[in-house]
Amino acid sequence: MDVVMKISKPNSAVSEPRDDAPSHWALPSVEALGVPSWGVLILLATLPFAFDTGLRSFETLKELLLVAGMGVVLVSWGVAALRRGRFIVAPARVAILGAIFALYALVSIIWAEHRLWSLWEALHFVALAVALLITAAPSGRALGFGDIALASALGGLGAAVFGGLDLVGMGGFRPGWDPAGPTGAFDTPEFGAAYFVVILPIIWGGALCSRGVRRVFLALSFLISLAYFSLLAGWLWAGVLGGLGIVAAIFVGAFQRQQALRVLLPSVVLSALAGVFALVMTVALGAAPASSGQSGVTQLFSEYGVAGFSLFALWVLAIFAVAISGLISRGQAYALNEGRAEEGATYWLVEHWAMLSAGLAGVGFMLFTPLLSLAPAALSWVVILGVLARVSAKYNGFTGWSSARRAAAPEPGARASFGALRVFAGAAILVGLAILVPATLQTGASYYRGKGDRWLLSEGYHDAIDAYKSALRWYPVAGDIPFNIAQASAHIGDDREARAWVDRALKVRPDDIGALTLKGRLLLNDADISKAVGVGRRAVKAHPDNLEASNILLSALILEQRYEDAVAQAQKMLTHDLPPVENARLTSLLAELQKEVLRAETPEDSL
């Protein structure tokens, strides 16, 4: 039998902290990082400030790089596993849970209404599962805290620098449209803030545990990143970040009471610095933009239901369970180790606190931001949790939920010819290559979509329509491309074409406010009043605060001479905080409508 799969039971004692596997697995501690691990680190360091003004959004490029990059990483991992003749997964059960969730996301495409679009959304989670695989089953030395701290520092510093350039007007980030605030390489301040809440504890912990030039660099990156985060997020988010750091420190201190100050002090300093920077930025530059209220948890529920959310939650809980048990086991081992200096013996505790803080910050901010669907934030969070699980599994002696699995050739250095190793490695290569296919198609679609957006902004409507149709030929799924074609068609007076494309857009996104209001205007132009009323009610129900939707419904009710309903709609609109000009117009219109109601109620013989 050329290849064997077996469970090894490591020694109960914890070995040297920088040794990433039990000694009898013959993985030397001086082993270098493998190519797949380098690929993950490169993405961690570059995704945050990747942007291309030729695409429809910066997040589009980040998502393309994430999916395509992880496809390449998975292929390289499969090749490396075949060449080395072995791989070890730890903690295996946690990695399996992550793989099951990614598989469920792929399988859910079967019952999705729009399968191609669901495929692209599922590949986001497959890419995150690949990152988890690389942390759990590295082809060389396992990724450590120092590696992700340095990569996060590079990513945070790059994003902050581009944000600063945007603040002073030197960025040139978006021709024709520039989002509010110094967003830099992010599409909104919220997207940038969601990224920084995950990496700031890691960079801070890295600065505390490093020495020499690395400590100086990490400290500088932390201060610049924290300043930019405060500019994007403001008081509330800074307070939540600091509070979660203190919660993590109290939690760690509960299990390591003798060394509680080692983590409580860094958490208090982090919280204080976040508060000071938020105060300075608010006073100097004004309040940060408000959050959009999008929730990663809500998105997960809506896309994958209770089953998908439960699998995801179980995976996260398993990681935290392994981390807690590792915290206890490592503390006991170091309590018996009298040969280490006190400061060096507690560096691991600060690293553990930093990763726990980042993990909790990701969970907390996922409740009111789309963190899980944002490529830089989601990748950083998953890699941090993966490293936390791997390190904690080692502290636990690779037992229980921290147990490991290994696939290996019978002799060191032997190449696999068949069996478990070849199956896993070959499947990884095939899946990686398969991921690259939709990534390539999406790249082509995004290129033409960017051309269409630029033509639309410059009022080149015929060219915009041609570019958008080319994008749909590459990847025919996005609901806003049909909407943009409908817009362009309406601008050139082709209402028939506009109606066809707006209906197509609404099939993909039934509650899209742009498509609903455009359809309402087209129906009013065609004097199809009864349908316009229906579309107007649908738009107002989905977006009650949208002024254009309310105006379309009001206009349709007036044209249908339903004055009492029109009065009720106008009164409802006046309860909102409207611009002064719109408020005055509605007040005057309401008075006229009330006269029409009185005229209709007054008998003709009494006039």
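The values are calculated or read from the model by the stated rules, or taken from the named source; none is laboratory data. Remember, it's a predicted structure, so these values are computed and weren't measured experimentally. Every residue, glycine among them, receives a Cβ derived from its backbone with ideal geometry; neighbour counts consider all protein chains shown. Heads up: the accessible areas ignore ligands, DNA and RNA and are worked out on the full protein's heavy atoms, side chains in. Shrake-Rupley method; radii C 1.70, N 1.55, O 1.52, S 1.80 Å.
Accessible area per residue for the chain, computed on protein heavy atoms with a 1.4 Å probe, is 44 Å². With Cα atoms defining each centre, the stretch 480-501 and the stretch 356-395 are spaced 42 Å apart in the structure. Taking the Cα centre of the stretch 479-601 as origin and assigning +1 to Lys and Arg Cβ atoms and -1 to Asp and Glu Cβ atoms, the resulting dipole is close to 240 debye.
Using Cα atoms only, what is the angle between the long axis of helix 212-255 and the major principal axis of the chain, expressed in degrees (0 to 90) to the nearest 10? Roughly 90 degrees, rounded to the nearest 10.
Straight-line reach from Lys394: taking Cα to Cα under 22 Å and skipping same-chain neighbours fewer than 8 places apart, the lysines in range are Lys6, Lys9. For the stretch 531-607 and the stretch 212-228, what is the separation of their C-alpha centers, rounded to whole Å? Going from one Cα centre to the other spans 57 Å. Normalised by 2.2 N^0.38 Å, with N the number of residues, the alpha-carbon radius of gyration of the stretch 461-607 equals 1.24.
Here the label points at Glu459 and Ala254, each 7 Å from Cα along the C-beta direction, are separated by 6.4 nm in the simple model.
In this structure, Val216 and Asp495 have a Cβ-Cβ separation that, at R0 = 60 Å, corresponds to a calculated FRET efficiency of about 0.40. Of the listed pairs Lys507/Lys572; Lys451/Lys541; Lys62/Lys451; Lys519/Lys541; Lys531/Lys572, which have alpha-carbon separations greater than 26 Å here? Beyond 26 Å between Cα atoms: Lys507/Lys572; Lys451/Lys541. Set against the labelled values [x] 1.17; [y] 1.12; [z] 1.02, Cα Rg over 2.2 N^0.38 Å computed from this structure falls on [y]. By a 1.4 Å probe calculation restricted to protein chains, Val276 has an accessible surface near 80 Å², given to the nearest 10. At 1.4 Å probe size, with the rest of the protein present, what percent of the exposed accessible area of the stretch 479-601 is carbon and sulfur atoms? The value for the stretch 479-601 is 50 percent carbon and sulfur by accessible area.
Per-residue ellipticity at 222 nm from helix content only, as computed over the chain with -39500 (n - 2.57) for each DSSP H run of at least four residues, stands at -24500 deg cm²/dmol. Toward the positive end of the charge dipole of the chain, with +1 on the Cβ of Lys and Arg and -1 on the Cβ of Asp and Glu, the farthest Cα among Gly308, His114, Ala527 is that of Gly308.
Straightening the chain between Ala584 and Val247 buys 116.2 nm, computed as 0.36 nm per residue apart minus the Cα-Cα spacing.
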